[in-house]
Every structure is written in structure tokens, then in C-alpha cells.
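Quick notes on the structure that follows.
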Amino acid sequence: MNNSVGSTARLLGAGLRALLVLTVICGVIYPLAVTGIAQALFNDKANGSEVRSEGKVVGSELIGQTYNLPLKKGQETAAPDLKWFQPRPSNGLGENSVNTQYKLILSGATNLAGDSKDLIASVRAAKAAVVKDNSTADFKVKASDVPAEAVTSSGSGLDPHISPQYAELQAHRVAEKNGLGVNKVEKLVDEHIDGRILGFVGEPRVNVLQLNIALKELVADKG
């Protein structure tokens, strides 16, 4: 009996020591080491790829934002503020309905099939809106000019980028709304085109948040 109790005690002691050692290694030393390396070598990415404007954090390079006008009385969906470059549609976004204390934005796709009547109607309405919103007195947008990402949301619904083609399509409208020359706005777009990763991965893209920050600065300089 005594031998059995002693063996059990020794096993429990060994187990507790192993638990303590592994807790210190895996729960303290390893996280601190990884955090330290990330902060030292990848500080920007480790902290969420924050974007700053006028000394304040205004968003992340990785998460798309909307640029809408304030809701009017009786209005359910905010209208886009057309003085800004507009991002992709965010049809996959919703709000947290479980814990209503926090109105969290949810990430996700619409999950509608390619032949879904709802999706087809949504795409047609979005295309008509892009044509209407971006046509100016001296620049008419055709339906065939509208790129796919201008009328469809990404898989996450949070894509921060648009194609250079969509940014250039918006340049005339942005120039008109802000009293700028079209050539200046087009030059701004060209300066914010990111090429393919490593020269061959993905497609050229424009970060909408960074482009709109640069636009804000251009408008301020004009004044």
C-alpha cells in the first residue's frame, strides 16, 4: 500500500513539474520570444499594418472601409460619398446580432451561386450605379468599362484594394467633385498602384484608404 501511494505521489510530482516547465516554456518564453522577434523585425505588420493620417490611426492596409454620406431620416442604406474613391462592394458584411453591446463588422462572402437571381440582380444594380455615379459632363462610362470587382464583393467582404482600371474609371468623377484637374487625379492613381508581389504573384492593385488619404492631402494643398 505504501509503495503504491509513493509511486502515485512520484508520478503526480513528475506530472506537475512537467506541467510547470511546459507552461513556462510554451506559455511565457515562447510567446515573448515570438512577440519580440515580430516587433523587432516586422513591427508594422505585427501591429496590424496601421495607416496613419495627421498623426492618427485611420485604418489598416489590410481591411477595406466604406466612404458613405451620413444616413438621412428614413434611409436604410447610406449613399456613397462620391468625392472619395469607392472600394469594392461589401455585400458579405453584417453586424453582430448575438452580443448587441458591440456592433462588430462581420467578415464573409454572400455565398450566392453564380446563377443566383439575387446575385444577378445585385450585380446589375451595382453596374448601373457605377455607370451613373462615374459619368461626368465630359466623360461617359459604358457598362462594358466596369470591371468585375466594382460590382462584386470579395470572399471576405473586406478587400482593401481595387484594380487600377476601377480607380482610373473613378478619376473623372473624383476630380469633378473636388474641383481638381483630371490629370492630377490620374497621376495620383498612378502613384498608388502596387505591382504584382515578387513581380509575378497576383495582379496590380490600389489600396483605397491610402489613395483617399493622398487625395485629401491634394485637396488641402489646392485650398
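The values are calculated or read from the model by the stated rules, or taken from the named source; none is laboratory data. Just so it is clear, the structure is predicted and the values come from calculations on it, not from any experiment. Cβ: placed from backbone, ideal geometry, glycine included. Neighbour counts: every protein chain shown.
Which of the residues that make up segment 18-71 are assigned to a loop (DSSP other than H, G, I, E, B) and without any contact (Cβ under 8 Å) to a residue 12 or more places away in the chain? Explain how you work it out, then say what you get.
The first filter runs over segment 18-71 and keeps only residues assigned to a loop (DSSP other than H, G, I, E, B), leaving 42, 47-49, 54-55, 61-67, 69-71.
Result: Phe42, Asn47, Glu54, Gly55, Pro70, Leu71.
Going through Asn68, Asn47, Asn43 one at a time, which residue ends up being surrounded by 13 or more Cβ atoms within 10 Å (Cβ to Cβ) and over 15 Å from Leu211 (Cβ atoms)? Write out each step before concluding.
Numbers: Asn47 fails: surrounded by 13 or more Cβ atoms within 10 Å (Cβ to Cβ); Asn43 fails: surrounded by 13 or more Cβ atoms within 10 Å (Cβ to Cβ).
Exactly one of Asn68, Asn47, Asn43 is surrounded by 13 or more Cβ atoms within 10 Å (Cβ to Cβ) and over 15 Å from Leu211 (Cβ atoms), namely Asn68.
Give the number of residues within segment 132-161 that are crowded, with 18+ Cβ neighbours inside 10 Å, farther than 18 Å from Gln65 by Cα and either of a type in the set (Val, Ile, Thr) or not assigned by TED's automatic domain parsing to the domain that holds Pro204 (or both).
2
Check segment 29-48 and report whether any residue there is small (Gly, Ala, Ser), at pLDDT 90 or above and in the same structural domain as Val174 (by TED's automatic domain parsing).
Within segment 29-48, none of the residues are small (Gly, Ala, Ser), at pLDDT 90 or above and in the same structural domain as Val174 (by TED's automatic domain parsing).
Determine which single condition Pro164 fails, assuming it passes every other condition in (1) within 23 Å of Ser53 (Cα to Cα); (2) surrounded by fewer than 17 Cβ atoms within 10 Å (Cβ to Cβ); (3) not acidic (Asp, Glu).
That leaves (2) as the condition not met.
Those residues that are touching a strand residue (DSSP E or B) at 6+ places or on another chain (Cβ under 9 Å) and among the small types (Gly, Ala, Ser), I need them from segment 132-153; list them, please.
To start, the set of residues in segment 132-153 that are touching a strand residue (DSSP E or B) at 6+ places or on another chain (Cβ under 9 Å) comprises 133, 147, 149-150.
Ala150, the sole residue that qualifies.
Could you run through segment 154-179 and say how many residues are acidic (Asp, Glu), touching an Asp or Glu at 6+ places or on another chain (Cβ under 7 Å) and over 13 Å from Ser135 (Cα atoms)? I'd like the intermediate steps shown before the answer.
Residues of segment 154-179 acidic (Asp, Glu): 159, 168, 176.
Within this subset, residues satisfying the condition of being touching an Asp or Glu at 6+ places or on another chain (Cβ under 7 Å) are 168.
Remaining after also requiring over 13 Å from Ser135 (Cα atoms): none.
Final tally of qualifying residues: 0.
For segment 120-132, indicate whether the set of residues that are over 20 Å from the mean Cα position of the chain (by Cα) and not in a helix (DSSP H, G or I) is non-empty.
no
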